[in-house]
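A short write-up of the structure that comes next.
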Amino acid sequence: MEPESHYFVLSLILSIQLNPLSSGIIISMIIVLLLLMVSALVSGSEVAYYSLSPSQLDKIQEMEGKRSKRVSKLLKNPEKLLATILISNNFINVAIVIISTFITASLFNFNKEPFWAFLIQVVTVTFLLLLFAEIIPKLYANQYALKFSLFMSAPLFILGKFFTPLSTILINSTSFVNKRLRSKKSNLSMGDLSDAIDLTTGVVHEEKKILKSIVKFTNIEVNDIMKPRLDIVAVDINEKLSALIEIINESGHSRIPVYSETFDNVKGTLYVKDLLPYIEEKNDFKWQSLVRPSYFVPGAKKINVLLQEFREKKIHFAIVVDEYGGTEGIVTLEDILEEIVGEITDESDEIEELYTKIDDKNYIFDAKVLLNDFYKTLMIQEDIFEKERGDSDTIGGLILEVTGDIPSLNDVVKIGNFSFTITSVDKRKINKLRLSIN
């Protein structure tokens with residue numbers, strides 16, 4: 001350091017007037033030290049509670065005592081816990097800044113050198129807060145998360161009760177913004193991933209299709225892939241054994257829903273393998289005793305969640321129901337897997353042509369084709385009919401949503417750049433239509 005610099009620093013130090021220590025200043029210093037300790041504990045709690053591993057959470061559940069119960073209760077409402085920590089920490093830090101300002105103003109006279117006032121009151125206090133109330137406690141809490149969480153359970157529980165009005169306002173005021181940001185972030189990330197897959201080199205077309213399907217997998221609902229009730233083979237519970245075997249032979253299915261009087265009253269599911277030992281029995285054989293309980297799922301359930309449930313329950317088949325308990329359709333494990341790997345066929349499957357490509361701009365579609373499959377066939381965005389589709393899951397349902405009535409033969413329905421011409425229709429539903437892309 002140059003002599004001039006030494007002289008400048010020395011002159012600055014000498015220009016500061018030190019006032020005598022008073023009892024008020026000493027008490028204020030003790031309070032600041034205590035508040036720094038409290039701030040460190042509260043700040044470390046944020047890391048401790050949110051870095052607990054699954055094994056540590058299981059250990060807390062197994063532990064006995066008030067501390068473990070308080071930790072479990074706090075973790076049941078993570079938003080309130082975080083709000084309590086943030087509110088408490090901010091109140092404590094503000095108190096530290098106010099009291100430390102009082103201490104420096106009482107201890108030093110900065111009338112001649114305001115620069116030193118800024119350096120001590122702002123920079124030094126900020127440094128102390130970051131080092132002793134943020135960095136060090138969070139590093140410690142990360143290493144000893146379980147001990148730290150148990151130790152801080154009672155203080156946080158009390159602070160949570162005390163700051164309930166403020167935390168409630170904070171949570172409610174940010175929930176709307178949080179949902180909007182979360183949905184935008186999710187959509188953006190999926191689009192970015194799809195674009196990134198398109199730009200990859202050295203990956204064959206089929207592999208790209210599978211990767212794109214995996215990206216979109218978590219955004220697909222059961223309604224989008226289920227087989228509608230009109231296409232389901234089911235059997236009345238009062239059928240004789242001979243009639244049942246005939247239905248099984250014609251359908252070729254390994255699992256068949258069993259209903260009483262109407263398909264909205266499903267009694268269970270018959271596994272054909274359970275019936276095999278009894279196919280030679282007489283016609284009055286009580287095959288109904290072989291029926292297993294059905295697994296019911298709502299149409300709005302995400303298929304990634306259903307896949308996990310299928311794995312846990314070791315089942316491959318579920319009945320899809322609406323909000324009133326009526327049967328909408330069925331969904332199988334194969335339907336879910338086809339969303340990733342494409343169509344799965346075996347020797348018993350009949351090839352059903354659901355669409356015919358005339359050229360790049362014209363197609364003939366069966367009206368029961370799912371919109372999800374329609375998007376894949378044309379390789380178009382899945383939200384292109386978002387405003388028009390309503391609750392529909394098929395092309396025919398989309399047309400009915402737009403028209404509000406069953407259209408007549410040769411009627412043309414235009415949706416954006418797509419023109420649908422009705423080529424086959426009856427009194428109850430649309431059967432086939434021609435698509436022209438403008």
For LYS59, state whether it is among the charged types (D, E, K, R), touching a residue at least 40 places away in the same chain (Cβ under 8 Å) and closer than 25 Å to PHE163 by Cα.
no
All positions within the stretch 123-141 that are surrounded by 14 or more Cβ atoms within 10 Å (Cβ to Cβ) and not basic (Lys, Arg)
VAL125, LEU128, LEU129, PHE132, ALA133, GLU134, ILE136, PRO137, TYR140, ALA141
The residue from ILE26, ILE99, ILE60 that alone is among the hydrophobic types (A, V, I, L, M, F, W, C) and closer than 30 Å to SER173 by Cβ is ILE99
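Every residue, every condition in (1) of a type outside the set (Val, Ile, Thr); (2) under 23 Å from ASP373 (Cβ atoms); (3) touching a helix residue (DSSP H, G or I) at 6+ places or on another chain (Cβ under 8 Å), yes or no:
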{"site": "PHE263", "(1), (2), (3)": "yes, no, yes"}
{"site": "VAL266", "(1), (2), (3)": "no, no, no"}
{"site": "TYR278", "(1), (2), (3)": "yes, no, yes"}
{"site": "LYS286", "(1), (2), (3)": "yes, no, no"}
{"site": "SER294", "(1), (2), (3)": "yes, no, no"}
{"site": "GLN308", "(1), (2), (3)": "yes, no, no"}
{"site": "ALA318", "(1), (2), (3)": "yes, yes, yes"}
{"site": "GLU323", "(1), (2), (3)": "yes, no, no"}
{"site": "ASP335", "(1), (2), (3)": "yes, yes, yes"}
For the condition modelled with pLDDT under 85 and either more than 23 Å from ILE232 (Cβ to Cβ) or touching a His at 6+ places or on another chain (Cβ under 9 Å) (or both), what is the one hit in ILE422, ILE415, ILE384?
ILE384
Within the stretch 1-43, how many residues are touching an Asp or Glu at 6+ places or on another chain (Cβ under 9 Å) and at pLDDT 60 or above?
3
Residues of the stretch 110-124 being of a type in the set (S, T, N, Q) and modelled with pLDDT under 70, in sequence order, are ASN111
Touching a residue at least 12 places away in the same chain (Cβ under 8 Å) and either in contact with a Pro (Cβ under 9 Å, 6 or more places away or on another chain) or buried (at least 16 other Cβ atoms within 10 Å of the Cβ) (or both), is that true of SER22?
no
From the option list ALA318, ALA300, single residue qualifying as over 29 Å from LEU275 (Cβ atoms), among the aliphatic types (A, V, I, L, M) and modelled with pLDDT of 85 or more is ALA300
In this structure, does ILE197 turn out to be in contact with a helix residue (DSSP H, G or I) (Cβ under 9 Å, 6 or more places away or on another chain), part of a helix (DSSP H, G or I), at pLDDT below 90 and more than 30 Å from ASP393 (Cα to Cα)?
no
Considering only residues that are under 27 Å from the mean Cα position of the chain (by Cα) and either closer than 11 Å to LEU150 by Cβ or charged (D, E, K, R) (or both), look in the stretch 58-69 and name the one that is surrounded by the most Cβ atoms within 10 Å (Cβ to Cβ).
ILE60
Looking only at residues in the stretch 246-257 that are surrounded by 15 or more Cβ atoms within 10 Å (Cβ to Cβ) and not β-branched (Val, Ile, Thr), which one is farthest from ASP231 (Cα to Cα)?
ARG255
Among the residues of the stretch 258-270, what is the count of those that are surrounded by 15 or more Cβ atoms within 10 Å (Cβ to Cβ) and either out of contact with any strand residue (DSSP E or B) (no Cβ under 7 Å at 6 or more places or on another chain) or closer than 14 Å to SER289 by Cα (or both)?
6
Which of the residues that make up the stretch 358-414 are within 20 Å of ILE220 (Cα to Cα), in a loop (DSSP other than H, G, I, E, B) and not hydroxyl-bearing (Ser, Thr, Tyr)?
LYS368, VAL369, MET379, ILE380, GLN381, GLU382, ASP383, ILE384, PHE385, GLY390, ASP391, ASP393
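The values are calculated or read from the model by the stated rules, or taken from the named source; none is laboratory data. These numbers were taken from a predicted model, which means no experiment stands behind them. Cβ coordinates were reconstructed from backbone atoms using ideal geometry, including for glycine residues, and neighbour counts include every protein chain displayed.
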